[in-house]
Amino acid sequence: MNTFEQHESGVRSYCRSFPAVFKQAKGATLTAENGTEYLDFLAGAGSLNYGHNNPVLKQALLEYIEADGLTQGLDMYSSAKEYFIDRFHKTILKPRGFNDYVIQFTGPTGSNTVEAALKLARKVKGRKNIIAFTNGFHGCTAGALSCTANQHHRGGAGVSLNDVSRMPFDGYFGEKTNTIAMVDKLLSDPSSGIDKPAAVILETIQGEGGLNVASAQWLKDLRELCNRHDMLMIVDDIQAGCGRSGDFFSFEEAGIKPDIITLSKSISGYGLPMALTVFHKDLDVWTPGEHNGTFRGNNHAFVTAASAIDAYWTDNLFSNDIKAKGKLLRKRLSRIIDRFGPESLKLKGRCMMSGIECPSEQIAADIVKASYEKGLIIETCGNRDQIVKCFTPLTISNEELERGLSLLEQAFTDVIG
Ligand code: PMP
C-alpha cells in the first residue's frame, strides 16, 4: 500500500499526516513496518495516558480473556462491570467528595457521552438551550457538534446550531475582560434574546480549541453563575481528565463540583472504546432504555479501566509524578520559545496538556513534518491549527520526554532557526 496515495481499492484509508505504516507500540514508542521507531507525543489524542500496551493493564486483560470473561455484556451486570464501578466509586469519586454521584455508561465514544449529558440536562431542566464556549470541542455527532465551536468541524454539513448559545471562554477578550460578567449580563437582560439555558458545557482546558486554560477563579465564578441562573454545569473532561492536568479530574484544583462530568478517551486506559457520564444522583431521571446504545458494555474496557485505577490512583504518587513531568515539559517548551522567538511564540496549556502557539498554521505544520522526519509523532490544535501540542502518554519516562523535546527543538531549528 502506498501510504501517500489512495489505496488501490479506492478507499481513502491512509493517514494524511504521517506517511508510515505502524505495526507495534509500547509505552511511548511506535514502530513502523520498516522498523523505524517514533516517540509518541500524540498518545491516541489523549486516549493512551498510560502508554501503549501498558504491561499491567495488558496482563489484566490477558488473564480475563484467558478465563473466557464476558466480552460484550450490553446492559447486563457483569463481574468486570461491577469491579470497575466499585473501584471508580471507592478510589476516584468518594475521596474527591463525589460520593452521591452515579455513573452511566453511554455509547463507546466521547461524542456519545456528550449527547447523553446534553439530553440529561435538557430533560432535568425541561429547557432546550445550552451555553457552549468559543473554541470548545465536544465531538462530531449532531448535538455535540452544535456545541463545538470551530466551523471547520461542521464542514458545511448544515448541522443546526439551534438551542446553543455561544459565549466567550476565559481570556477570549484578553486577560482583563471578565467574560463571566458578560455572560451574566446577557443572561439577565431579556433584550439579549437568549433563552434560559438548561446547562453550560465546557472543557476546563480546551484541547482541540488551542490549549486555552480556564483559571480556577473563572471556574468558581462559572459555578456560582450556574447556581444563580439555575443551569447545570457540565464539565467535558474527555480530554483533560484521567490525569492529564495532574489530578484525575481537571477541575480539582479549582475545588468546584460540576453537576455532570463526561469521561472517555483514557478512561479505559488501553485505547479501548469506553465512555461514561457521572452525575449527581438527584439528576437521575432516566427511565429504563431511554438512553441506550449497543456498545455500552465493553467488558474488556471495564477490566483495563479498573486495572488502571488500581495501578495508578490509589495514592498520590502518579499525580505527583505527572505534575513533575508537566513542569519539566513546560520548562523545556519555554526554553524553545526563548530561543526561537519570545515575541512570536507562546506557551499554551497546563501540565501535560501543553504546547507552543506558532505565528502561523504553516509554521506549525512545518514543525509537525520536521518532527516526524526526526522520529517524533506530534500534532497541532487551535482554531487555525497553529499550536504544536505535546500530548505524551503520562507514563513517559523523563528520558523519553527530554529526548522528544530535543527532537522538537531541532524541528524548530529547521523551520525557524
Ligand atoms: N470532548 C472533548 C473535549 C474531546 O477532546 C473529544 C475528542 N477529541 C470529544 C469530546 C469527542 O470524543 P470522540 O472523538 O471519542 O467522539
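The values are calculated or read from the model by the stated rules, or taken from the named source; none is laboratory data. On a predicted model such as this, the values are computed, not experimentally measured, just so you know. Every residue, glycine as well, gets a Cβ built from its backbone with ideal geometry; the counts of neighbours run over all protein chains shown. Areas reflect the complete protein model, heavy atoms only, side chains present, ligands, DNA and RNA absent. Shrake-Rupley method; radii C 1.70, N 1.55, O 1.52, S 1.80 Å.
Before moving on, here are some points about what is shown:
- Sole residue being more than 28 Å from the chain's Cα centre (by Cα), more than 20 Å from Phe318 (Cβ to Cβ) and modelled with pLDDT of 95 or more, chosen from Leu42, Leu30, Leu62, Leu70: Leu70
- Note on the range 264-274: residues that are more than 10 Å from the ligand (Cβ to nearest atom) and of a type in the set (S, T, N, Q) amount to 2.
- Within the range 27-68, the residues that satisfy the criterion of being among the small types (Gly, Ala, Ser) and under 28 Å from Asp237 (Cβ atoms) are Gly27, Ala28, Ala43, Gly44, Ala45, Gly46, Ser47, Gly51, Ala60.
- Cβ-Cβ contacts under 8 Å between residues 6 or more apart (or on different chains), taken from a first residue in the range 269-282 that is polar (S, T, N, Q) to a second residue that is assigned to a loop (DSSP other than H, G, I, E, B) and open to solvent by less than 10 Å² (accessible area, probe 1.4 Å), are listed as Thr277/Thr106.
- In the condition set (1) in a loop (DSSP other than H, G, I, E, B); (2) acidic (Asp, Glu); (3) modelled with pLDDT of 95 or more, Asp221 is compliant with all but (1).
- Any hit, the range 133-148, residues being more than 13 Å from the ligand (Cβ to nearest atom) and part of a loop (DSSP other than H, G, I, E, B): yes
- Across the range 113-133, the number of residues qualifying as open to solvent by 10 Å² or more (accessible area, probe 1.4 Å) and touching a Gly at 6+ places or on another chain (Cβ under 6 Å) comes to 1.
- The residue of the range 247-288 that is nearest to Lys220 (Cα to Cα), among those that are of a type in the set (Gly, Ala, Ser) and within 16 Å of the chain's Cα centre (by Cα), is Ser250.
- Pick from the range 239-263, criterion open to solvent by 10 Å² or more (accessible area, probe 1.4 Å), part of a loop (DSSP other than H, G, I, E, B) and touching a residue at least 60 places away in the same chain (Cβ under 8 Å), ranking: farthest from the ligand (Cβ to nearest atom): Lys257
- Residues that are within 23 Å of Phe251 (Cα to Cα), open to solvent by 20 Å² or more (accessible area, probe 1.4 Å) and touching a Leu at 6+ places or on another chain (Cβ under 8 Å), drawn from the range 322-349: Leu328, Arg330, Leu347, Lys348
- Residue in the range 163-202 that is farthest from the chain's Cα centre (by Cα), counting only those that are within 16 Å of the ligand (Cβ to nearest atom) and open to solvent by less than 10 Å² (accessible area, probe 1.4 Å): Ala199
- Scope the range 224-238; condition away from the ligand (no atom under 16 Å from the Cβ) and assigned to a loop (DSSP other than H, G, I, E, B); matching residues: His229, Asp230, Met231
- Test: Ile103 is open to solvent by less than 20 Å² (accessible area, probe 1.4 Å), away from the ligand (no atom under 12 Å from the Cβ) and either on the phi < 0 side of the Ramachandran plot or more than 18 Å from the chain's Cα centre (by Cα) (or both): no
- Some residue of the range 78-85 being closer than 26 Å to Asn299 by Cβ, open to solvent by 70 Å² or more (accessible area, probe 1.4 Å), more than 16 Å from the ligand (Cβ to nearest atom) and in contact with a strand residue (DSSP E or B) (Cβ under 9 Å, 6 or more places away or on another chain): no
- Of all residues in the range 264-276, those being open to solvent by 10 Å² or more (accessible area, probe 1.4 Å) and at positive phi number 2.
- The one condition in (1) more than 16 Å from the ligand (Cβ to nearest atom); (2) within 22 Å of Lys220 (Cα to Cα); (3) part of a helix (DSSP H, G or I) that Arg122 fails to fulfil: (2)
- Members of the range 351-396 found to be open to solvent by 30 Å² or more (accessible area, probe 1.4 Å) and of a type in the set (A, V, I, L, M, F, W, C), listed by number: Ile363, Ala365
- When Arg12 is tested against (1) open to solvent by less than 80 Å² (accessible area, probe 1.4 Å); (2) at pLDDT below 90; (3) over 16 Å from Ile378 (Cβ atoms), only condition (1) is not met.
- Options Val213, Val285; residue that is over 25 Å from Gly171 (Cβ atoms), in contact (Cβ under 8 Å) with a residue 40 or more places away in the chain and not hydroxyl-bearing (Ser, Thr, Tyr): Val285
- Matching residues, the range 13-52, being away from the ligand (no atom under 16 Å from the Cβ) and among the polar types (S, T, N, Q): Ser13, Gln24, Thr29, Thr31, Asn34, Thr36
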